[in-house]
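K.L.:
The structure that follows is given in the form of structure tokens.
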Amino acid sequence: MKPIYKPKGKAKEYGDLALNIYTGCPHRCFYCFAPNVLHRNREEFHSCVEPRKNIVEETRKQIEREGITDKLIHLCFTCDPYPSGYDTTPTREIIKILKESGNHVQILTKNGKDALRDFDFLDENDWFGITFAGYNGYSSDETYVPKEELCAGTIHDRLLALRTAYENGIKTWVSAEPVINSQDVIDFIDLADYVDLWKVGKLNYHHSDINWKEFGMRVERLLHSKRVDYYIKDSLRKEMDKPN
């Protein structure tokens, strides 16, 4: 078993190395691609969530065997490193192993509340990120969970964790992908002054009324004016490059 691997395809846009900790994800996002990638039944994927067998020890062995060090390792692609409602001790143990071996982590989660616990391991060489896709009917209520991400963490907790990471010297990023409500994303980019990097991508494999070319151009102009680092995902960039 080699838990640490090189992503392929679209996943390469997120990082050079990655590690998936859990067998599934309980967040039930309607746009989740993982069941298809893993050839898993969607209901089973969302209901059967547990650490992959011996994941902590196998990660340690691979690092020692291959001498993996000074790498940025993404957590996670086919699951959330902080599945809501589950014991995420394995995530903490893996972060500890990665940091002790001289590696760095790039976290992407929809569960900011549980992620806060592990900030004591992170430093200026690590990245903490959340998903913010813009939500139809978005509410600032502390208990609000988007219907598009039925069982994920609240938006309030995600933004709180993101700001806390920034204030603690941890590099922050937002994955605005897949965009569901384009105006929400634009408004958030305009207001958030605690994000070091934005990665923006379109909604794929589902119907959307968003004019992707117009949206992409607006987002890029805004990000450029704010002088923050950003990356436009390939599928959105292709829309932006289409002739009028």
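K.L.:
Considering region 201-241 alone, what residues qualify as being part of a loop (DSSP other than H, G, I, E, B), more than 19 Å from the chain's Cα centre (by Cα) and among the small types (Gly, Ala, Ser)?
P.N.:
Matches in region 201-241: Ser208 only.
K.L.:
Select, from Ala115, Ala133, the only residue that is under 14 Å from the mean Cα position of the chain (by Cα) and assigned to a loop (DSSP other than H, G, I, E, B).
P.N.:
Within the list Ala115, Ala133, the selection yields Ala133.
K.L.:
How about region 163-184: which of its residues are of a type in the set (S, T, N, Q) and within 16 Å of Glu149 (Cα to Cα)?
P.N.:
Answer for region 163-184, where residues must be of a type in the set (S, T, N, Q) and within 16 Å of Glu149 (Cα to Cα): Ser175, Asn181.
K.L.:
Another question, then. Taking region 194-244, which residues are among the hydroxyl-bearing types (Ser, Thr, Tyr) and touching a residue at least 40 places away in the same chain (Cβ under 8 Å)?
P.N.:
Tyr205, Tyr231, Ser235
K.L.:
A further question on this structure: Of all residues being aromatic (Phe, Trp, Tyr) and at pLDDT 95 or above in region 1-34, which is nearest to the chain's Cα centre (by Cα)? Just the residue, please.
P.N.:
Step one: filter region 1-34 for residues aromatic (Phe, Trp, Tyr), giving 5, 14, 22, 30-31, 33.
If we keep only those that are at pLDDT 95 or above as well, we get 5, 22.
Details: Tyr5: 17, Tyr22: 15 Å.
Restricting to residues being aromatic (Phe, Trp, Tyr) and at pLDDT 95 or above, the top hit is Tyr22.
K.L.:
If we scan region 53-61, do we find a residue that is modelled with pLDDT of 95 or more, open to solvent by less than 20 Å² (accessible area, probe 1.4 Å) and farther than 30 Å from Ile155 by Cα?
P.N.:
yes
K.L.:
I would also like to ask the following. Is it fair to say Arg92 is assigned to a helix (DSSP H, G or I), charged (D, E, K, R) and touching an Asp or Glu at 6+ places or on another chain (Cβ under 9 Å)?
P.N.:
Taking the combined requirement at face value, the residue satisfies it.
K.L.:
Looking only at residues in region 130-189 that are closer than 22 Å to Phe77 by Cα and surrounded by fewer than 18 Cβ atoms within 10 Å (Cβ to Cβ), which one is modelled with the highest pLDDT?
P.N.:
Only one residue tops the list, namely Cys151.
Condition check ((1) farther than 17 Å from Ile95 by Cβ; (2) in a strand (DSSP E or B); (3) in contact (Cβ under 8 Å) with a residue 40 or more places away in the chain; (4) among the hydroxyl-bearing types (Ser, Thr, Tyr)) across all residues:
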{"site": "Lys2", "(1), (2), (3), (4)": "yes, no, yes, no"}
{"site": "Gly15", "(1), (2), (3), (4)": "no, no, yes, no"}
{"site": "Ala18", "(1), (2), (3), (4)": "no, yes, yes, no"}
{"site": "Cys32", "(1), (2), (3), (4)": "yes, no, no, no"}
{"site": "Asn36", "(1), (2), (3), (4)": "yes, no, no, no"}
{"site": "Glu43", "(1), (2), (3), (4)": "yes, no, no, no"}
{"site": "Glu58", "(1), (2), (3), (4)": "no, no, yes, no"}
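K.L.:
When region 166-187 is examined, which residues are found to be in contact with a Leu (Cβ under 7 Å, 6 or more places away or on another chain) and outside any strand (DSSP E or B)?
P.N.:
Result: Ile170, Pro178, Val179, Ile180, Ile186.
K.L.:
Within region 94-106, can one find any residue that is surrounded by fewer than 22 Cβ atoms within 10 Å (Cβ to Cβ) and in contact with a Cys (Cβ under 9 Å, 6 or more places away or on another chain)?
P.N.:
No: region 94-106 contains no residue that is surrounded by fewer than 22 Cβ atoms within 10 Å (Cβ to Cβ) and in contact with a Cys (Cβ under 9 Å, 6 or more places away or on another chain).
The values are calculated or read from the model by the stated rules, or taken from the named source; none is laboratory data. Quick caveat: nothing in here was measured; it's all calculated off a predicted structure. Cβ sites come from the backbone with ideal geometry, for glycine too, and all protein chains shown count toward neighbours. These accessible areas exclude ligands, DNA and RNA; they are computed on the full protein's heavy atoms, side chains included. Shrake-Rupley method; radii C 1.70, N 1.55, O 1.52, S 1.80 Å.
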